[in-house]
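Let me begin by presenting the structure, written as structure tokens, before commenting on it.
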Amino acid sequence: MSGEAGIVIVGAGECGARAAVTLRESGYAGPVTLIGDEIHLPYERPPLSKQVLLAETTEAPPAVLSEAGLRERAIQHLAGVPVTAADSASKQVVLADGRALPYDKLLLATGAMPRRLPNVPASPRILYLRTIGDALALRPWIAAGMHVAVLGGGFIGLEVAASARSRGARVTVIEAQERILKRGVPDAVAETVLSVHQGNGVLVACGVSVSGIDADEHGVGIRLGDGTQVTADILVVGIGAQPCIDLAEQAGLALDNGIAVNERLETSVKDIYAAGDCCSFPHPLYGGRRLRLEAWRNAQDQAIIAAANMMGATRGYESVPYFWSDQFDHTLQIVGLVDEGRSVVRRELGDGAFILFHLDDGGRLVAASGIGVGNRIARDMKLSEMLIAKRVAPSCEALAADANLKTLLPRAA
């Protein structure tokens, strides 16, 4: 590396910040520049739909890196300055303010953005949730006396619904699919989530299309395909996310459901890496199947691998996919890929908590999904993750029984 140019990281969220910290913790002594679109310090996004919405006072978002932490690690943080171009020939990035920064290695951790509704006029009563600014704009609306409509029965939509209902708002969730959590969550877990929401007073309408949306200073009207209309004070849209690939596209990088990287998180252009929500990668646990994961754990783990490889390592990314969601007093967790399973074994944990173990045709554990109050499922889900990573093919009897999953792990040589 040329000691002056150093490493530039575009994207100052969880992934980018973690990569910057890992570089320093691993002994990298060259310049590290962390560039973000937002004016804030790097912060965590999972609390935006939960703790931040439920807080009584306006607080700073949970920071990944403080000003002191940046100074101590000699990380230059450029906030509120989008990167408009990356030139791999001259090895530099161009900022919106006209500055050009050279790099030895470049990491794109540009994340994802909410999928927007087409043909809907901009309105302060139609909201999305991705940034701390979005959360603070939404919070005054979720209160007693308000009617909050949520379009989309995925993780974000349901977490917002739970937070809004917890603050006393009336809540209606509208989902076009025949059930909530259609992507990546098995029926039994989704049914339990639905029951929890309905038990807390959330109205959930599935299998209904939206034919039109109107908004004015008085509220939002959502016209459904069956001719009925939902009138609410606000509409929160949670219909998925799409990777931020504009910079990668401009730089001529290969794309495939995001920025395409190899197992070492290298893009198609030398010395440019990508990590987090913005990239797709081959996963060795699932036959090299290309995945793009929008998950906090994935952002952290890929940041660590990318940092190591930018320093000269050749580590492959093989962490087991992990997702979680807190809704009301329940926690849902999924490890692995549910759709890789061909058979299911259920383990009851008491108090309504359970875990589903998903096995492939050869009997190998490829995923586990569970739900329960508080941390009821946490220990078994962690052990399930370890079993998946070790490619264990446990007996169905052992999985269903009330036995310690740790005994199923292979003994160390």
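The values are calculated or read from the model by the stated rules, or taken from the named source; none is laboratory data. Note that the structure is a prediction, hence the values are computed from the model and not measured. Cβ coordinates were reconstructed from backbone atoms using ideal geometry, including for glycine residues, and neighbour counts include every protein chain displayed.
Considering only residues that are assigned to a strand (DSSP E or B) and either in contact with a Cys (Cβ under 9 Å, 6 or more places away or on another chain) or exposed (fewer than 13 other Cβ atoms within 10 Å of the Cβ) (or both), which ones fall in the range 242-263? Working first, answer last.
Residues of the range 242-263 assigned to a strand (DSSP E or B): 242-243, 255, 259-260.
Within the range 242-263, PRO243, ILE259, ALA260 qualify.
Restricting to the range 113-137, what's the tally of residues that are under 27 Å from LEU78 (Cα atoms) and not in a strand (DSSP E or B)? Give the steps one after another, and end with the answer.
First pass over the range 113-137, keeping only residues under 27 Å from LEU78 (Cα atoms): 113-115, 128-137.
With the extra rule that they be not in a strand (DSSP E or B), the set shrinks to 115, 128-137.
Matching residues across the range 113-137 total 11.
Filter the range 188-216 down to residues that are touching a residue at least 60 places away in the same chain (Cβ under 8 Å) and part of a loop (DSSP other than H, G, I, E, B), then give me how many there are.
Adding up the residues that qualify gives 1.
Can you name the condition, by its number, that LEU23 falls short on among (1) assigned to a loop (DSSP other than H, G, I, E, B); (2) touching a residue at least 12 places away in the same chain (Cβ under 8 Å); (3) over 30 Å from ARG167 (Cα atoms)?
Here LEU23 clears every test but (1).
Filter the range 74-97 for residues that are in contact with a helix residue (DSSP H, G or I) (Cβ under 7 Å, 6 or more places away or on another chain) and buried (at least 16 other Cβ atoms within 10 Å of the Cβ); which is farthest from ARG18 (Cα to Cα)?
ALA86
Say whether the condition of being over 30 Å from GLU266 (Cβ atoms), among the polar types (S, T, N, Q) and touching a helix residue (DSSP H, G or I) at 6+ places or on another chain (Cβ under 9 Å) is met by at least one residue in the range 371-380. Don't jump to the end; show me each part of the working.
Keep residues of the range 371-380 that are over 30 Å from GLU266 (Cβ atoms), which gives 371-380.
Checking the rest, the ones that are also among the polar types (S, T, N, Q) come to 375.
Those left that are additionally touching a helix residue (DSSP H, G or I) at 6+ places or on another chain (Cβ under 9 Å): none.
No: zero hits.
Of the conditions (1) among the basic types (Lys, Arg); (2) assigned to a strand (DSSP E or B); (3) closer than 28 Å to ALA308 by Cα, ARG223 clears all except one; give me its number.
Against the list (1) among the basic types (Lys, Arg); (2) assigned to a strand (DSSP E or B); (3) closer than 28 Å to ALA308 by Cα, ARG223 comes up short only on (3).
Identify the residue in the range 154-178 that is assigned to a loop (DSSP other than H, G, I, E, B) and touching a Cys at 6+ places or on another chain (Cβ under 7 Å) and, among all such residues, is nearest to LEU138 (Cα to Cα). Spell out how you get there, then give the answer.
First, the residues of the range 154-178 that are assigned to a loop (DSSP other than H, G, I, E, B): 154, 167-169, 176-178.
With the extra rule that they be touching a Cys at 6+ places or on another chain (Cβ under 7 Å), the set shrinks to 177-178.
Details: GLN177: 25, GLU178: 27 Å.
Filtering first and then ranking leaves GLN177.
I need every pair where a residue in the range 37-55 that is farther than 12 Å from ALA135 by Cβ and free of Cβ contacts under 8 Å to residues at least 40 places away in the same chain has its Cβ under 8 Å from the Cβ of a residue that is surrounded by fewer than 18 Cβ atoms within 10 Å (Cβ to Cβ) and of a type outside the set (Gly, Ala, Ser), sequence separation at least 6 or different chains.
Listed by first residue and then by second, the contacts come to LEU41/GLU67.
For the range 264-291, which residues satisfy the criterion of being in a loop (DSSP other than H, G, I, E, B) and in contact (Cβ under 8 Å) with a residue 40 or more places away in the chain?
Going residue by residue through the range 264-291, those that are in a loop (DSSP other than H, G, I, E, B) are 264-265, 267-271, 275, 287-288.
Of everything in the range 264-291, those that are in a loop (DSSP other than H, G, I, E, B) and in contact (Cβ under 8 Å) with a residue 40 or more places away in the chain turn out to be ARG264, LEU265, THR267, VAL269, LYS270, ASP271, ALA275.
From the list THR110, THR58, which residue is at pLDDT 95 or above, in a loop (DSSP other than H, G, I, E, B) and in contact with a helix residue (DSSP H, G or I) (Cβ under 7 Å, 6 or more places away or on another chain)? Break it down stepwise before answering.
Values: THR58 fails: at pLDDT 95 or above.
Being at pLDDT 95 or above, in a loop (DSSP other than H, G, I, E, B) and in contact with a helix residue (DSSP H, G or I) (Cβ under 7 Å, 6 or more places away or on another chain) holds for just one of THR110, THR58, which is THR110.
So, in the range 84-141, exactly how many residues are among the aromatic types (Phe, Trp, Tyr) and over 26 Å from the mean Cα position of the chain (by Cα)? Break it down into steps so the answer makes sense when it comes.
To start, the set of residues in the range 84-141 that are among the aromatic types (Phe, Trp, Tyr) comprises 103, 128, 141.
Filter once more, keeping what is over 26 Å from the mean Cα position of the chain (by Cα): 103.
Residues flagged as among the aromatic types (Phe, Trp, Tyr) and over 26 Å from the mean Cα position of the chain (by Cα) within the range 84-141 amount to 1.
For the range 326-355, what are the residues that are over 21 Å from ALA393 (Cβ atoms) and loosely packed, with under 14 Cβ neighbours inside 10 Å? Walk me through how you get there before you give the answer.
Taking the range 326-355 as the starting set, the residues that turn out to be over 21 Å from ALA393 (Cβ atoms) are 326-333, 348-354.
Passing the criteria: ASP329, GLU348, GLY350, ASP351.
Identify all residues within the range 217-241 that are under 26 Å from the mean Cα position of the chain (by Cα) and either crowded, with 17+ Cβ neighbours inside 10 Å or free of Cβ contacts under 8 Å to residues at least 24 places away in the same chain (or both); write none if there are none.
To start, the set of residues in the range 217-241 that are under 26 Å from the mean Cα position of the chain (by Cα) comprises 234-241.
Listed by number, the residues that qualify are ILE234, LEU235, VAL236, VAL237, GLY238, ILE239, ALA241.
Answer yes or no as to whether GLY316 is under 27 Å from GLN333 (Cβ atoms) and surrounded by fewer than 17 Cβ atoms within 10 Å (Cβ to Cβ).
Details: under 27 Å from GLN333 (Cβ atoms): yes; surrounded by fewer than 17 Cβ atoms within 10 Å (Cβ to Cβ): yes.
Yes.
Can you pull out every residue in the range 21-45 that is aromatic (Phe, Trp, Tyr) and either surrounded by fewer than 19 Cβ atoms within 10 Å (Cβ to Cβ) or more than 16 Å from ALA299 (Cβ to Cβ) (or both)?
Residues of the range 21-45 that are aromatic (Phe, Trp, Tyr), as a first pass: 28, 43.
The one that is aromatic (Phe, Trp, Tyr) and either surrounded by fewer than 19 Cβ atoms within 10 Å (Cβ to Cβ) or more than 16 Å from ALA299 (Cβ to Cβ) (or both): TYR28.
Kindly state which strands (runs of 3 or more DSSP E) lie completely within the range 303-372 and contain at least 1 residues that are β-branched (Val, Ile, Thr) and free of Cβ contacts under 8 Å to residues at least 40 places away in the same chain. Outline the logic, then answer.
On the way: elements: 322-327, 330-336, 343-350, 353-359.
By residue number, 353-359.
With (1) in contact with a Phe, Trp or Tyr (Cβ under 7 Å, 6 or more places away or on another chain); (2) crowded, with 22+ Cβ neighbours inside 10 Å as the list, and ASN298 as the residue in question, which single condition is left unmet?
That leaves (1) as the condition not met.
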